[in-house]
Amino acid sequence: MAQPPQIAILGAGIFVKTQYIPRLAEISNLFILRAIWSRTAESARSAVEIAQKHFPNVECKWGDAGLEEIIKDSSITGVAVVLAGQTMVDMSLRLLKAGKHVLQEKPASATVDEAEKALTHYNSLSATLTQQPIWAVAENYRFEPAFIEGKKLISEIGEMMNIQIIVEGAMNSSNPYFASSWRRQFVGGFILDMGVHFVAGLRMLVGCEITSLSSMNSHVDKTLPPPDNISSMFQLENGCSGVFVMVVSSKSPKVIWRVVGLNGVLQVDRGNKDGKHGYSVSLHMADGQSKSFFYPFSGVTDELKTFLSDVSTANLKKDHSSHIDPRLSFAEGARDVAVLDAMLESGKRQGALVQVKKF
């Protein structure tokens, strides 16, 4: 039997405490959590205290010395990077250069330019390392059962005619991420950090890329960084067009993906059923037949399981390449960023048509 991979977590913020630790606890038989690191001892200890309920032997690391210990520990083969968006790419590349497999939180990068440079750097590592490490980006929407099943149903609606994505978020003072300083200082504010999820859901459903778009952006709610509203028209490579509307903070939140085809309509709605949060998937056909399914959230757990499986496989292999589920690849995450980057660019240019960068 292969030994389970030993991993570390870099970051001790809200998402680590409320998502990573509980979700990892559900699959604790698949790995050994060796350490949690943060810049300060206080922050690291606050996360370790929570983690020790499930992982009693987890070590607390902080500062430059603690980070160096993780990097130099050859028994730690995988690292989850859950840091401020502005620092994640540089940190990921530092770990990859040391031969660690990396699961980096989304967004993949702050800009398209950063993603391009990062991929070039990553690809060059194959010349210096005996095995190119895995660089995964954690986008749970690609692992949510609703989008996996929705993708299977999309062929039933026939040729696509129109797509509508309506996102009315709930980023107000009661949201734990509202005061997040790095998100407020991020390029595009909350639009990029939140928006990559909804773009990932769109790309997953339709199975093709957005080629060009035009976007009008605005800043209305002054408690939020600009912009806080996007209205975008886009075209897919299959010729179908659609609209992407995103309001960062609405008094009546909702999220809808709707694809209209010649033979029917497929719609995915975010909501809850029997006290569980998740997505409803409904299919309405031209003959009047319809069917609907509800899928609770499980994407975060499923993406973590997939990463751990890929790391375990890579640790057993002796050849140069490492297998990675395509849904986890850095390039896939960069494609989500490229769409939002184009929307922000078009908005700055008063709705000018922008070509979406290809990865």
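The values are calculated or read from the model by the stated rules, or taken from the named source; none is laboratory data. Small disclaimer: the values here were computed from a predicted structure and weren't measured. Positions of Cβ are backbone-derived with ideal geometry, glycine not excepted, and every protein chain shown enters the neighbour counts. These accessible areas exclude ligands, DNA and RNA; they are computed on the full protein's heavy atoms, side chains included. Shrake-Rupley method; radii C 1.70, N 1.55, O 1.52, S 1.80 Å.
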Of all residues in segment 85-100 being crowded, with 20+ Cβ neighbours inside 10 Å and assigned to a loop (DSSP other than H, G, I, E, B), the one that is modelled with the lowest pLDDT: Gly85
Enumeration of residues in segment 1-53 that are closer than 15 Å to Val82 by Cα, in a loop (DSSP other than H, G, I, E, B) and open to solvent by less than 40 Å² (accessible area, probe 1.4 Å): Gly11, Ala12, Gly13
Any hit, segment 295-303, residues being loosely packed, with under 12 Cβ neighbours inside 10 Å, touching a residue at least 12 places away in the same chain (Cβ under 8 Å) and out of contact with any Ser or Thr (no Cβ under 9 Å at 6 or more places or on another chain): no
Pair list, Cβ under 7 Å, 6 or more apart: segment 227-256 residue among the acidic types (Asp, Glu), other residue open to solvent by less than 10 Å² (accessible area, probe 1.4 Å) and at pLDDT 95 or above: Asp228/Val248
Residue within segment 191-199 that is surrounded by fewer than 18 Cβ atoms within 10 Å (Cβ to Cβ), touching a strand residue (DSSP E or B) at 6+ places or on another chain (Cβ under 6 Å) and closer than 27 Å to Gln350 by Cα present: no
Pairs where the first residue, in segment 322-346, is farther than 16 Å from Tyr141 by Cα and the second is of a type in the set (Ser, Thr, Tyr) and assigned to a loop (DSSP other than H, G, I, E, B), C-beta under 7 Å, 6+ apart: Asp341/Thr111
Residues within segment 315-359 that are over 22 Å from the mean Cα position of the chain (by Cα) and in a helix (DSSP H, G or I), tallied: 5
Failed item, numbered, when Thr306 is tested on (1) out of contact with any Asp or Glu (no Cβ under 8 Å at 6 or more places or on another chain); (2) open to solvent by 20 Å² or more (accessible area, probe 1.4 Å); (3) hydroxyl-bearing (Ser, Thr, Tyr); (4) over 25 Å from Ser155 (Cα atoms): (1)
Number of the exception - Gly271 against (1) open to solvent by less than 50 Å² (accessible area, probe 1.4 Å); (2) modelled with pLDDT of 95 or more; (3) within 25 Å of Ser231 (Cα to Cα): (2)
Hits in segment 208-225 - residues which are more than 16 Å from Gly351 (Cα to Cα) and not β-branched (Val, Ile, Thr): Cys208, Glu209, Asp221, Lys222, Leu224, Pro225
Failed criterion for Thr77 (all others in (1) open to solvent by less than 10 Å² (accessible area, probe 1.4 Å); (2) assigned to a strand (DSSP E or B) hold): (1)
Pairs with Cβ under 7 Å, 6+ apart, first in segment 38-67 and without any contact (Cβ under 8 Å) to a residue 60 or more places away in the chain, second hydroxyl-bearing (Ser, Thr, Tyr) and exposed (fewer than 14 other Cβ atoms within 10 Å of the Cβ): His54/Ser28; Phe55/Ser28; Trp62/Thr40
Residue check for Gly351: open to solvent by 10 Å² or more (accessible area, probe 1.4 Å) and small (Gly, Ala, Ser): yes
Those residues of segment 225-246 which are more than 14 Å from Val206 (Cβ to Cβ), surrounded by fewer than 21 Cβ atoms within 10 Å (Cβ to Cβ) and among the hydrophobic types (A, V, I, L, M, F, W, C), in sequence order: Met233, Val245
Hits in segment 104-140 - residues which are of a type in the set (A, V, I, L, M), open to solvent by 10 Å² or more (accessible area, probe 1.4 Å), assigned to a loop (DSSP other than H, G, I, E, B) and closer than 25 Å to Trp182 by Cβ: Ala110
Search result, residues across segment 141-190 that are closer than 21 Å to Glu237 by Cα, under 16 Å from the mean Cα position of the chain (by Cα) and open to solvent by 10 Å² or more (accessible area, probe 1.4 Å): Ile148
Selection count, segment 247-268, where residues are crowded, with 18+ Cβ neighbours inside 10 Å and under 16 Å from Met171 (Cα atoms): 4
